[in-house]
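Worksheet: the structure to be examined is printed underneath.
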Amino acid sequence: MKLLVTGGAGYIGSVVAALALSEGHQVAVLDDLSAGHADAVPGGASFTQGLVRDQAQAMLADGIDAVLHFAAKSLVAESVAKPSLYWEHNLGGTLALLEAMRVTGVGRIVFSSTAAVYGEPEHTPIEEAAPARPASPYGASKLAVDTALAEHARMHKIGAVSLRYFNVAGAAAGPDGRWLGERHHPETHLIPSILKVALGGGGAGEVRLFGDDYATPDGTCVRDYIHVTDLARAHMLALDACVPGEHRVYNLGSGAGFSNLEVLSACREVTGRDIPSRFAPRRPGDPAVLVASSDRIHGELGWRAERGLAAMVADAWQFTLERSVPGLPARRAER
């Protein structure tokens, strides 16, 4: 199968592209490099730099069978400050992609959605039938794409799957042995932020943990983490689950959560370093607990998360070390 991976130079897109190549698919990556990195495009994939709205139709016309769609703006705070930017790129870009699919006859798409569509949940674990009440333009724009996918499936008989995932972590070795991991600027995710401090030693500052008075066992937020390779595997299964005329939605998570303090403890154990930290005030809008129910995708596609927190941290640490010491040999993750 020949796949178009939009946003394939980013963290998750590059790992999914690498897995697709390893399974024998042909992969074409489209990325504007506003957040991605050209050197993250896995060896064996073709690469075009550009916007989805400008390049998608020409690339789809070149024998593409299906689309894995990751290209999006994804910073919650930025979306609040610049909402029109998120509507333009996330919804506008996807609508252009869907029109290009209609024109070229490409009939399958797997969309990188988000748990942010749920906002503040009434119950956890969160099921797909939970009310969608996004608390940011980022989440709202992703929910709007889900609606557009449902309409295009109904009207144009494409097969579409939206994967709503929670906190993605870890790293993976690509086809050439290079590690593919998180390189966000600015970095807002907890595990890479902790490992950055661990790498820098005493002069690298300290980890900030937002809030210590939540109604959780240790007072810190609890989040559901999923290894990026488990996530990639779900995308490949979702390709086979694309049914003409249907839009399916699946949550992806482990079904269990880890508190911020538990994540910090795991990072200290993996790195063997005493990572300094301090508590900071709560961030507005941060729920105490966000945990996904993945019963639907397990029941329908047989998927479940396999790698735990220790493997996520170990692989992310390996990636961090390789970035600081180029040429470090790849290591297979322990499950």
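The values are calculated or read from the model by the stated rules, or taken from the named source; none is laboratory data. None of the values given here were measured: they were computed from a predicted structure. Here Cβ is always computed from backbone atoms with ideal geometry, including for glycine, and neighbour counts include all displayed protein chains. Heavy atoms of the whole protein, side chains included, go into the accessibility calculation; ligands, DNA and RNA do not. Shrake-Rupley method; radii C 1.70, N 1.55, O 1.52, S 1.80 Å.
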Pairs only if they're at least six apart or on different chains, beta carbon under 8 angstrom, first in region 170-192 and part of a loop (DSSP other than H, G, I, E, B) and surrounded by fewer than 21 Cβ atoms within 10 Å (Cβ to Cβ), second at pLDDT 90 or above and basic (Lys, Arg); list them, first residue then second. Glu187/Lys196
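Residue-by-condition table, conditions (1) buried (at least 22 other Cβ atoms within 10 Å of the Cβ); (2) under 15 Å from Ala173 (Cβ atoms); (3) at pLDDT 95 or above:
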site	(1), (2), (3)
Met1	no, no, yes
Ala9	yes, no, yes
Val16	yes, yes, yes
Leu21	no, yes, yes
Ala38	no, no, yes
Answer residue from region 155-206, given it is touching a strand residue (DSSP E or B) at 6+ places or on another chain (Cβ under 8 Å) and of a type in the set (Ser, Thr, Tyr) and is farthest from Pro287 (Cα to Cα) among those: Ser162
Scanning region 271-290 for residues that are loosely packed, with under 11 Cβ neighbours inside 10 Å and in contact with a Leu (Cβ under 9 Å, 6 or more places away or on another chain) gives Arg278
Would you check which residues across region 16-33 are assigned to a loop (DSSP other than H, G, I, E, B) and without any contact (Cβ under 8 Å) to a residue 40 or more places away in the chain and list them? Gly24, His25, Asp32, Leu33
Would you check if Ala130 is over 27 Å from Ala17 (Cα atoms), touching a helix residue (DSSP H, G or I) at 6+ places or on another chain (Cβ under 8 Å) and open to solvent by 30 Å² or more (accessible area, probe 1.4 Å)? yes
Only one residue in Gly43, Gly36 is closer than 25 Å to Gly139 by Cβ and either free of Cβ contacts under 8 Å to residues at least 12 places away in the same chain or not in a strand (DSSP E or B) (or both), so which one is that? Gly36
Taking region 110-154 and keeping only residues that are out of contact with any strand residue (DSSP E or B) (no Cβ under 8 Å at 6 or more places or on another chain) and part of a loop (DSSP other than H, G, I, E, B), one is left with Gly119, Glu120, Glu122, His123, Ala129, Ala130, Pro131, Ala132, Arg133, Pro134, Ala135, Ser136
For region 226-248, indicate whether the set of residues that are surrounded by 15 or more Cβ atoms within 10 Å (Cβ to Cβ), modelled with pLDDT under 95 and closer than 18 Å to Met312 by Cα is non-empty. no
Residue check, His89 farther than 30 Å from Ala256 by Cα and open to solvent by 70 Å² or more (accessible area, probe 1.4 Å): no
Which residues, counting only those in region 70-106, are under 18 Å from Ala116 (Cβ atoms), part of a helix (DSSP H, G or I) and of a type in the set (A, V, I, L, M)? Val76, Ala77, Val80, Ala81, Leu85, Leu91
Looking at region 46-58, which of the residues that are assigned to a helix (DSSP H, G or I) and either touching a Gly at 6+ places or on another chain (Cβ under 9 Å) or modelled with pLDDT under 95 (or both) is least open to solvent (accessible area, probe 1.4 Å)? Ala56
Flag for Ser162 being among the hydroxyl-bearing types (Ser, Thr, Tyr) and more than 17 Å from His235 (Cβ to Cβ): no
Name the strands (runs of 3 or more DSSP E) wholly inside region 208-315 in which the number of residues that are under 19 Å from Leu195 (Cα atoms) is 1 or more. 225-227, 277-280
Checked region 139-167 for anything open to solvent by 20 Å² or more (accessible area, probe 1.4 Å) and at pLDDT below 95; matches are Phe166, Asn167
What are the residue pairs meeting all of these: first residue in region 296-316, first residue farther than 26 Å from Glu127 by Cα and touching a residue at least 60 places away in the same chain (Cβ under 8 Å), second residue surrounded by 16 or more Cβ atoms within 10 Å (Cβ to Cβ) and of a type in the set (Phe, Trp, Tyr), Cβ atoms under 9 Å, and 6 or more apart or on different chains? Asp315/Trp179
Test set (1) under 30 Å from Ala150 (Cα atoms); (2) touching a Gly at 6+ places or on another chain (Cβ under 7 Å) - Arg282 fails condition number: (1)
Give just the number: which of (1) charged (D, E, K, R); (2) in contact (Cβ under 8 Å) with a residue 24 or more places away in the chain; (3) within 15 Å of Leu97 (Cα to Cα) does Asp54 not satisfy? (2)
Unique residue being open to solvent by 60 Å² or more (accessible area, probe 1.4 Å), at pLDDT below 95 and under 20 Å from the mean Cα position of the chain (by Cα) when the list is Ala116, Ala135: Ala135
